[in-house]
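Take a look at the structure set out below.
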Amino acid sequence: MIKIRGITFRLHPLFSLLMLLAVATGYFAELLTLFAIVLIHELGHVVCAKSFGWNVIRIELLPFGGVAETDDRGRSSSFQEAAVALAGPLQNAWMALFAVIMGKLGLWDSQWCGYFIKANAMIGLFNLLPILPLDGGKVMQALIGRWLPYYRTLVLCALVSLLLSLLLAAAALSGVRSGGVQLNLLAIALFLAYSNWFGYRHVSFRFVRFLMNREPVMERLIDRGTLAQPIVIYRYRTIAEIVRLFMRDKYHLVYILNDRGRIEAVLPEHKLLYAYFQLNRPGSAVSDVFVLE
């Protein structure tokens, strides 16, 4: 484990075993190249995240890839999330292009160029699969969050990612009768499936964290001027049900209707958050918390 400028770089324990196997089988240079490609991929995420003011906790290199653990404090926009996610595969794109140029100039051996291009294509394209926590899954979540409430986005993306992870595992097992099981792909698919099952079980915790960081988001939206996104509900709906309709990049005004469909009150979203956290009444009907005219 190494710490540079507040960022922890950690190698998974299995890397040592892989290094020994690579030396024994004569593939040390190839493994070292993959190691460098994955590291540059993750550094792309880090540089982009830093540019948005995110906190970068650590970079961990796993036997089948890498993870840049960041913390946006729940305040990032959909655009920022997508940009940070795409910054990784973008590194693979320029590295592959660099290899093509080096090959054309005759500065790299054609076989080595082919391997380098293939490795970057494999890592970059695999990471673009719409499965969380891969880069493509994060882009999918950012895009869906532009049209759906954040809570529904979290649930939908976790379920889609879980389903695709299981399909990936099935694809890895498709050659079991012929003895062609892809063990690497199977291990990655099972890891992704477990990660997304765990993520689905903890959607509520992630959503509460989102709500806890709404205040600076609201301030940012209001400071630059924004069109309020209306939420129209009946007076018997609970505070918890209402806040689950909040969208990530929108500021909300909540219109409360009576049984005859007439507007009784218009509440800014910070009042709903006050009732949720400060009054500790998420399960109460909005009409029981606020005096409605």
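The values are calculated or read from the model by the stated rules, or taken from the named source; none is laboratory data. Nothing here was measured: the structure is a model prediction, and the numbers come from that model. Note that each Cβ is placed from the backbone with ideal geometry, even for glycine, and that neighbours are counted across all protein chains shown. Please note that ligands, DNA and RNA were not included when accessible areas were found on the heavy atoms of the full protein model with its side chains. Shrake-Rupley method; radii C 1.70, N 1.55, O 1.52, S 1.80 Å.
Summary table
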read-out: Val254 long-range amide H proximity, modeled H, under 5 Å; value: Ile231, Leu267, Glu269
read-out: Relative packing of peptides 121-132, 47-58 - highest average C-beta neighbours within 10 Å first; value: 121-132, 47-58
read-out: Stokes-Einstein translational diffusion, segment 90-173 - Kirkwood Rh over all Cα pairs, 1.567 mPa s, 4 °C, in µm²/s; value: 88
read-out: Computed label-point distance, nm, for sites Met212 and Leu279 using a 7 Å Cα→Cβ extension; value: 2.2
read-out: Furthest towards positive pole of dipole, Leu183, Pro216, His252, structure part segment 164-293, Cβ charges; value: Leu183
read-out: Highest average packing first - 192-201, 106-115, 141-150, Cβ atoms within 10 Å; value: 141-150, 192-201, 106-115
read-out: Distance between segment 223-237 and segment 193-219 - C-alpha centres, whole angstrom; value: 21
read-out: Per residue value of the accessible surface for segment 37-130 (all protein chains in place, 1.4 Å probe), Å²; value: 50
read-out: Dipole magnitude of segment 98-185 about its Cα centre (Cβ charges: Lys, Arg +1; Asp, Glu -1), debye to nearest 20; value: 180
read-out: Extension gain (nm, one decimal) between Leu156 and Ile101, 0.36 nm per residue minus Cα-Cα; value: 15.6 nm
read-out: For segment 164-284: relative contact order, % (alpha-carbon pairs under 8 angstrom, 6 or more apart); value: 18
read-out: Farthest toward positive dipole pole in segment 157-251 [+1 Lys/Arg, -1 Asp/Glu at C-beta], among Ser161, Leu173, Val232; value: Val232
read-out: Residues whose placed amide H lies under 5 Å from that of Arg235, excluding near-sequence neighbours; value: Leu257
read-out: Under 5 Å, built H, 5+ apart or other chain: amide partners of Met247; value: Tyr150
read-out: Within the accessible area of segment 135-293 (1.4 Å probe), percent carbon and sulfur; value: 57
read-out: Relative contact order of segment 138-229, pairs being alpha-carbon contacts under 8 Å that are 6 or more residues apart, as %; value: 28
